[in-house]
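First comes the structure, then the notes that go with it.
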Amino acid sequence: MLELMELLRADPDDRGLRTAALLRRSRPFDKELQIAGLVHRLGRLLRLSDGTVTVGVAAESIRPLLGERVARLVRLQSPDRPAGPDDGHRDGDGYGDDAEAVATLRQARDSAAAAGLDAGVLEDWQPLLELVAAGSCRTATPGNALDPLGPPKGSRGTDGTR
């Protein structure tokens, strides 16, 4: 976790931080999406030995720590990724159940390029990074990381109960 925080501090324009802040406002219950927004620029910070930048390297580097969904969102949000081709998911478009999340992430990423957005400080995100990392370690937990306070009041659980 410390290495990830150091990498995120190296982002010269804090665009990942601004993207995550926008996602926190638009999708407050999707913690993995917010974290994907925070780390989506790691490909620029993790350069290969030949100097190339690849979103695939970033996605694979965070998969063990932050889980499959965060890695998939980081990979799919790439502006260089062509729309439509299958990347191994059963639905044929490569997005699985995350098509809406990918679109939201891309929109937040593009909006974060605008200067002037107060996104807070990176240290505010460390508890959520740790929460998502802990959730990714539980193999029986599909989808979003569990909220330690439980589901929001009035929300439905995965079994359809309140």
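Coordinate-derived values only; no laboratory data. Please read all numbers here as calculations on a predicted model, not as lab measurements. Positions of Cβ are generated from backbone atoms using ideal geometry, with glycine treated the same way; all protein chains shown enter the neighbour counts.
A few comments on the model shown:
- For the stretch 21-37, the Karplus equation 6.51 cos²θ - 1.76 cosθ + 1.60, evaluated at θ = phi - 60°, returns couplings of 5, 5, 5, 4, 6, 8, 9, x, 9, 9, 5, 5, 5, 4, 5, 4, x Hz by residue, with Gly and Pro reported as x.
- Here each label is just a point 7 Å from Cα along the line to Cβ, and for Glu130 and Leu2 those points are 1.4 nm apart.
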